[in-house]
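Undergrad: What follows is a structure written as structure tokens; I'll ask about it next.
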Amino acid sequence: MKYFDFEILGLKRKLPYVKVADNLALASFVCLSDTELVQRVAPELVKRLPEVDVLMTAEAKGICLTYEMSRIMGMKEFVVARKSCKPYMQNVVSHTLRSITTQKEQTLYLDGVEADKIRGKRVAIIDDVIATGESLQAIENLAVEAGAKVVARAAILAELESVDRKDIIYLKEHYVFRPNPDGTFTPIHSLKD
């Protein structure tokens, strides 16, 4: 297996290259179980946020980061858009998207109880990585439909065209790659490259 040497805020990791399509590979960044990394990046993202009332993320990889950020900010809770509709969820709001990592349609759901919590509130959407922005937009659509005002969009990493967006906060650019026949990987900035 080949690895990409990754560093953020003094932490070093070896990220495995993972093909997600014939002509596309990622240096697989997963913060979900990396306590040290989450504790290092969360305070930096919190410093960059404007004043917000609620943090919101999608299930699952953004949960640990959003938890840590909400803890630092003294918030008692945060809101999670779910990837499946559970029987206990009532008055559900949903939005369908296509993510670069899942390569198929996916629907996010927001329980009506959660929607009530964000109605009229200033919301920051939190994610681990923003690539095409599809997941980010789906979460934002849920928040807006629930009556919230999205005032910030933040992630640890930005990829592809998201690197050039002025409406997102991120700590570091992350690369997407084209696999080469010789087993090497070439970084790309756009899916059009």
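The values are calculated or read from the model by the stated rules, or taken from the named source; none is laboratory data. All values reported here derive from a predicted model rather than from experimental measurement. Methodologically, a virtual Cβ is constructed for each residue, glycine included, from the backbone with ideal geometry; neighbour enumeration extends over all protein chains shown. Note: areas computed on protein heavy atoms with side chains; ligands, DNA, RNA excluded. Shrake-Rupley method; radii C 1.70, N 1.55, O 1.52, S 1.80 Å.
Undergrad: Can you tell me the FRET efficiency between Met73 and Thr186 if r is taken as the Cβ-Cβ distance and R0 is 45 Å, rounded to the nearest 0.05? Don't skip to the answer; put the middle values down first.
TA: Details: r = 39 Å, r/R0 = 0.88.
Given R0 = 45 Å and the Cβ-Cβ separation, E is 0.70.
Undergrad: Against the longest principal axis of the chain, how steep is helix 134-145, in degrees 0 to 90 to the nearest 10, with axes from Cα atoms?
TA: 10
Undergrad: With the Cα gyration tensor of the stretch 1-103 giving a ≥ b ≥ c as the square roots of its eigenvalues, does the rule (a/c under 1.5 for rounded; else a/b larger than b/c for prolate; else oblate) give rounded, prolate or oblate?
TA: Details: a/c = 2.49, a/b = 1.18, b/c = 2.10.
Since a/c reaches 1.5 but b/c is at least a/b, the shape of the stretch 1-103 is classed as oblate.
Undergrad: If each DSSP helix of 4+ residues adds -39,500 (n - 2.57) and the sum is divided by the residues in the chain, what number results at 222 nm, nearest 500 deg cm²/dmol?
TA: -7000 deg cm²/dmol
Undergrad: Keeping all protein chains in place, calculate the accessible area per residue for the stretch 115-154 (probe 1.4 angstrom), answer in Å².
TA: Working: 1460 Å² over 40 residues.
Using a 1.4 Å probe on heavy atoms only, each residue of the stretch 115-154 averages 37 Å².
Undergrad: How many Å² of accessible area per residue for the stretch 4-111, probe 1.4 Å?
TA: On the way: 5780 Å² over 108 residues.
In whole numbers, the stretch 4-111 has 54 Å² accessible per residue.
Undergrad: Considering only DSSP beta bridges where both residues belong to the stretch 1-140, give the percentage that are antiparallel (nearest 5).
TA: 75
Undergrad: Separate question: Hey, which of these cross-link pairs are over 22 Å Cα-Cα: Lys14/Lys83; Lys12/Lys166; Lys47/Lys149; Lys14/Lys61?
TA: On the way: Lys14/Lys83 29 Å; Lys12/Lys166 27 Å; Lys47/Lys149 20 Å; Lys14/Lys61 18 Å.
In this structure, Lys14/Lys83; Lys12/Lys166 lie more than 22 Å apart at Cα.
Undergrad: Could I ask something else about it? Using a 1.4 Å probe over the heavy atoms of the protein chains, calculate the carbon and sulfur portion of the accessible area of the chain as a whole percent.
TA: 49
Undergrad: Given [x] 33, 18, 16; [y] 29, 19, 14; [z] 26, 20, 16 as candidate values of semi-axes √(5λ) of the Cα gyration tensor in Å, which corresponds to the one derived from the coordinates?
TA: [y]
Undergrad: Here is a further query. Are there any chymotrypsin sites (Phe, Trp or Tyr not before Pro) in the stretch 25-100 that are in a DSSP loop and have at most 13 other Cβ atoms within 10 Å? List them by number.
TA: Tyr88
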